[in-house]
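Rule-based calculations on the coordinates, nothing more; no lab input. Remember, it's a predicted structure, so these values are computed and weren't measured experimentally. Note that each Cβ is placed from the backbone with ideal geometry, even for glycine, and that neighbours are counted across all protein chains shown.
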Amino acid sequence: MNEQARAAQRRSRLLLVGLAALFFGPLLLSWGYRQLGLDWYPAPRLSGVLIQPPIAVPLDTVAAIPAGRWKLVVAGPCDEACWKTLVDLRQIGRSLPRYQEALARLYVHPPGQGLSAERLEEQPGMVQFEDQNGSLLAALSDAAPPSDTAFVLVDPRNFAMLRFRKDYDPRAARKDIDHLLRRFVAN
């Protein structure tokens, strides 16, 4: 073989090795990355606070809510901040038309401190529940401290799993709720 043929053969081999490295390199890198146990996936950014572990809430006593629904629960006496939260939840529910059958809004209040009839008319589809013995309010306060919680998201099996602080952003809350419903509600 002459010198020119050897150079061509060397270039061909280098090209073959380069192509093999280009193909097998990422495979080997990802395999090694996985074998080393490295975890690079970023944690999801929730605007709400995840309740760890989820706390059971006795919502079976509320007969007005059909079974199997996700519940947005506001608890306690209703001041202006509570009313703003109820309006925001109504808007969030309206902005998720695909999931309106899977979502319920619930306002739980102590005896004698419910919404007036005019205010209740402004909240179509919301269930108002007067907690006579205080067990539901106590369970909700165990799941989320009332001093810093605007509302709680309860799953279909009645576990409080996500709470939103009083200074929540309605758009971010809608995004969280949409993300959860998209993952867990079958259409």
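Results, tabulated for the structure shown:
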{"item": "GluC sites (Glu not before Pro) restricted to DSSP loop in the range 117-187 with at most 14 other C-beta within 10 Å", "result": "E122"}
{"item": "Stretchable slack from F23 to R165, in nm (0.36 nm times residue separation minus alpha-carbon distance)", "result": "46.2 nm"}
{"item": "Extension gain from E80 to R183, taking 0.36 nm per residue of separation minus the Cα-Cα distance", "result": "33.8 nm"}
{"item": "In nm, spacing of pseudo-spin labels at A172 and W31 (7 Å Cα→C-beta vector)", "result": "4.3 nm"}
{"item": "Mean separation of Cα contacts under 8 Å, 6 or more apart, over the residue count of the chain: relative contact order %", "result": "29 percent"}
{"item": "Highest-MSF residue in the chain out of G25, G76, G125 [GNM, Cα springs under 10 Å]", "result": "G25"}
{"item": "Rounded to 5, percent antiparallel among DSSP beta bridges of the chain", "result": "50 percent"}
{"item": "DSSP loop trypsin sites (Lys or Arg not before Pro) with at most 13 other Cβ within 10 Å excluded, longest remaining stretch of the chain", "result": "46-156"}
{"item": "With eigenvalues of the C-alpha gyration tensor scaled by 5 and rooted, the range 1-73, Å", "result": "64, 13, 10"}
{"item": "Distance in nm between pseudo-label sites at L120 and R45 (7 Å out along the Cβ direction from Cα)", "result": "4.1 nm"}
{"item": "Projected label distance in nm at S135 and S12, using a 7 Å step from Cα toward the beta-carbon", "result": "8.4 nm"}
